[in-house]
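Undergrad: Take a look at the following structure, please.
The values are calculated or read from the model by the stated rules, or taken from the named source; none is laboratory data. Predicted model, so just to flag it, every value in this text is computed and none were measured. Neighbour counts are summed over all protein chains in view; Cβ atoms, including those assigned to glycine, are modelled from backbone coordinates with ideal geometry. With ligands, DNA and RNA removed, areas are computed over all heavy atoms of the protein, side chains included. Shrake-Rupley method; radii C 1.70, N 1.55, O 1.52, S 1.80 Å.
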Amino acid sequence: MSAMLLRATSVLLVVTVWASAGLFGLYILAFYAAALYRNSVEKWNEVVPGLYQQGSAAATTGMGLHFAMGALSSF
């Protein structure tokens with residue numbers, strides 16, 4: 001009985017972790033990609049102040065790729 005309960009709670013924990021990672025990945029893609037699509041990258045600063053600096057295209061591109069790859073890797 002206890003082995004079965006341990007197995008069930010282990011599966012529940014893994015499912016919970018992966019589901020939350022997937023939801024967080026969707027949030028990242030939705031928020032940051034939408035701001036990029038609408039050409040309003042300055043909205044990134046609402047969540048992480050100072051993340052976007054006008055005139056720093058390389059840093060903005062790097063952070064955008066970082067967010068995209070992080071979000072995709074959660075799936």
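Undergrad: May I ask you to derive the relative contact order of the chain, considering only C-alpha pairs under 8 Å and at least 6 residues apart, and to give it as an integer percent?
TA: 39
Undergrad: Next question, about the same structure. Each residue of the range 4-21 in order: what ³J(HN,Hα) in whole Hz does its phi give by Karplus 6.51 cos²θ - 1.76 cosθ + 1.60, θ = phi - 60°, with x for Gly and Pro?
TA: The phi angles translate into 5, 5, 4, 5, 5, 5, 5, 5, 4, 5, 5, 4, 4, 4, 5, 5, 5, 5 Hz.
Undergrad: With all protein chains present, calculate the accessible area of Phe67 using a 1.4 Å probe and round the result to the nearest 10 Å².
TA: About 40 Å², ignoring ligands and nucleic acids.
Undergrad: Now for a different question. Once you put a point 7 Å from the Cα of Ala33 and another 7 Å from the Cα of Met1, both along the Cβ direction, what distance in nm separates them?
TA: 4.8
Undergrad: Check each of the trypsin sites (Lys or Arg not before Pro) in the chain and keep only those in coil by DSSP with at most 12 other C-beta atoms within 10 angstrom; list them in order. Don't skip to the end; give the middle numbers.
TA: Numbers: sites: Arg7, Arg38, Lys43; in loops: Arg38.
Loop-located and lightly packed - Arg38.
Undergrad: When the helices in the chain are scored as -39500 (n - 2.57) per DSSP H run of 4 or longer and the sum is shared across all residues, what 222 nm value do you end up with, to the nearest 500 deg cm²/dmol? Don't skip to the answer; put the middle values down first.
TA: Working: 3 runs with 57 residues, N = 75.
So the calculated ellipticity at 222 nm is -26000 deg cm²/dmol.
Undergrad: Ignoring any ligand, DNA or RNA, what whole percent of the accessible area of the chain comes from carbon and sulfur when the probe is 1.4 angstrom? Could you put the intermediate results ahead of the total?
TA: Details: 4040 of 5600 Å².
It is 72 percent, rounded to a whole number.
Undergrad: Something else now. Tell me, what is the per residue accessible area of the chain in Å², probe radius 1.4 Å?
TA: 75
Undergrad: Multiplying the sequence separation of Thr9 and Thr61 by 0.36 nm and subtracting their Cα-Cα distance, what value in nm do you get?
TA: Separation in residues times 0.36 nm, less the Cα-Cα distance, equals 14.6 nm.
Undergrad: Using only alpha carbons, build the gyration tensor for the range 1-70 and give me the equivalent ellipsoid semi-axes, biggest first, whole Å.
TA: Value: 38, 10, 9 Å, ordered largest first.
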